[in-house]
Amino acid sequence: EGYAHLNWGWANDSYVWHRFMPYADLHAGDVRLFAQPIVSAISGVDRPTLPIDATGADMLQAFAEAQVAIAEGASLRMSAGRKLISLGAGRFIDTRYGPNIPQSFDGIDTTLTGQTRQVTSFYFRPVDNAPGDFDDRTSRQKAIWGVYATQWLKRDRAIGFDAYYLGLRDDAALYDQGAGRELVHTFGSRIFGDTGSWHWNIEGALQGGSFANHRRTGWGIGGEVGYRFFDKPLQPDFSFLADVISGDDDPHDLELGTFNPLFPRGKYFGALSPIGPRNLIHLRPTITIQPYQDIAVSLTGAGYWRQSLADGVYGIAGNLVRSGQDSTARFIGTQLELAISWQATPELNLSASVSAFEAGAFIQETGPARTITMIGLMTNYRF
């Protein structure tokens, strides 16, 4: 990946990420043992290494699992250890495959699965990555827990809906309003489907809890609807995505209103994602075509606005990118991205993207406002 004018400033950044993730998967009756180390590095960079860049040689996953049949067509699976987790569309808890180091969690979970429904309950703590070998540790700052249920309306699981409760504790949360201990309770639902031509994924959530010993709230709704033209040349797929995500309406009162997306997917809005899903209004049309059977080309345009004029703009990890206390502008900026992916063989995938993010009035009023440009190349071999 290579960036020009990182964070709309004068800095540039370019590097090559490497990672190797072999695994061993042992099954003995109803018991499963899974282990997956990761060997990672970053080269061509002159800045300090970040936790998402490299973690040396470490254990990415290592868990034990047991599954038992409890009725006809129903089973109970229990696991404990370190693992990657992805729930639903990845808006709240995901594997973070965009950066070089995926997000692992330590804990326990149980999953009850029937023919048309599934319920998962869990308690996990995220793994904090460090640059040395075998020095990743269970976080003492954060913990997550919850129940996630899915009801499929068809046996092929093409259409269904989710309902969930997710809890988060963060002993050192940071917002434009300030820092403090945070407890978040998230209640949400999602409807999704794919009929071949039409596909959709719509999700909404409400949040309650506390921040710095005072009340916190939050809300968010978003979704994507698309249609594929299989009978047309290049088989175009048109889709439209929109998000409205709450921000805090007064940084000087004791109540916090900024939405917390917990541990969302890594490249949330595309290969170039300088901002994350907090205090945001986001609109994004996309067209994808297939010039050949194994090649997909997509063009995406996006616009970003602040939902609350009293709150700032945040990164995907929750870091405050720009404070909102020195500007009354709503418009953050526009983004354009061209991406191509080639499944060269069943094992080998090659992809590339070119992106630009032009600063809007809010960025211009709060600091450097140059256009961010990015190019990314990826080779992925799975065996």
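Overview of values
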| quantity | calculated |
| --- | --- |
| Every residue from region 218-265 that is under 20 Å from Q325 (Cβ atoms) and either under 24 Å from the mean Cα position of the chain (by Cα) or not in a loop (DSSP other than H, G, I, E, B) (or both) | G218, I245, S246, G247, D248, L256, G257, T258, F259, N260 |
| Search result, residues across region 270-301 that are in contact with a Leu (Cβ under 7 Å, 6 or more places away or on another chain) and among the aliphatic types (A, V, I, L, M) | I287, I289, L299 |
| Residue in region 57-71 that is open to solvent by 30 Å² or more (accessible area, probe 1.4 Å) and among the acidic types (D, E) present | no |
| Pairs, first farther than 29 Å from R91 by Cα in region 223-237, second loosely packed, with under 14 Cβ neighbours inside 10 Å and of a type in the set (S, T, N, Q), C-beta under 6 Å, six or more apart | none |
| Verdict on R77 being free of Cβ contacts under 8 Å to residues at least 40 places away in the same chain, on the phi < 0 side of the Ramachandran plot, surrounded by 14 or more Cβ atoms within 10 Å (Cβ to Cβ) and out of contact with any Cys (no Cβ under 7 Å at 6 or more places or on another chain) | yes |
| Residue that is nearest to G98 (Cα to Cα) [pool: residues in region 24-51 that are in contact (Cβ under 8 Å) with a residue 40 or more places away in the chain and open to solvent by 60 Å² or more (accessible area, probe 1.4 Å)] | P51 |
| Filtered residues of region 174-209 (kept if without any contact (Cβ under 8 Å) to a residue 60 or more places away in the chain and within 20 Å of V147 (Cα to Cα)) | L183, H185, F187, S189, I191, I202, G204, L206, Q207, G208, G209 |
| Close pairs (6 angstrom Cβ cut-off, 6 or more residues apart or separate chains): loosely packed, with under 14 Cβ neighbours inside 10 Å in region 334-349, in a strand (DSSP E or B) anywhere | A344/L350; E347/Y381; L348/Y381 |
| Residue in region 109-122 that is surrounded by the most Cβ atoms within 10 Å (Cβ to Cβ), counting only those that are closer than 16 Å to A66 by Cα and not hydrophobic (A, V, I, L, M, F, W, C) | D109 |
| Candidate set: region 218-257, residues that are of a type outside the set (D, E, K, R) and touching a Leu at 6+ places or on another chain (Cβ under 6 Å); chosen: the one least open to solvent (accessible area, probe 1.4 Å) | I245 |
| Candidate set: region 4-23, residues that are in a strand (DSSP E or B) and open to solvent by 40 Å² or more (accessible area, probe 1.4 Å); chosen: the one nearest to T371 (Cα to Cα) | S14 |
| Of residues in region 54-90 being modelled with pLDDT of 95 or more and acidic (D, E), the one farthest from N129 (Cα to Cα) | E65 |
| Pick from region 88-108, criterion hydrophobic (A, V, I, L, M, F, W, C) and assigned to a loop (DSSP other than H, G, I, E, B), ranking: surrounded by the most Cβ atoms within 10 Å (Cβ to Cβ) | F92 |
| Considering residues of region 123-145 that are in a strand (DSSP E or B) and touching a residue at least 40 places away in the same chain (Cβ under 8 Å) only, the residue most open to solvent (accessible area, probe 1.4 Å) | D128 |
| G324, sole failed condition from (1) more than 20 Å from the chain's Cα centre (by Cα); (2) part of a strand (DSSP E or B) | (2) |
| Among the candidates I275, I287, residue that is touching a residue at least 24 places away in the same chain (Cβ under 8 Å), part of a loop (DSSP other than H, G, I, E, B), closer than 24 Å to G333 by Cα and among the β-branched types (V, I, T) | I275 |
| Lone qualifier among G367, G376, G301 - being in contact (Cβ under 8 Å) with a residue 60 or more places away in the chain and within 24 Å of the chain's Cα centre (by Cα) | G376 |
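The values are calculated or read from the model by the stated rules, or taken from the named source; none is laboratory data. These numbers come from a predicted model, not from an experiment. Ideal geometry is used to build each Cβ from the backbone, glycine not excepted, and the neighbour counts take in all protein chains shown. Accessible surface is based on the protein model in full, side chains and every heavy atom, while ligands, DNA and RNA are left aside. Shrake-Rupley method; radii C 1.70, N 1.55, O 1.52, S 1.80 Å.
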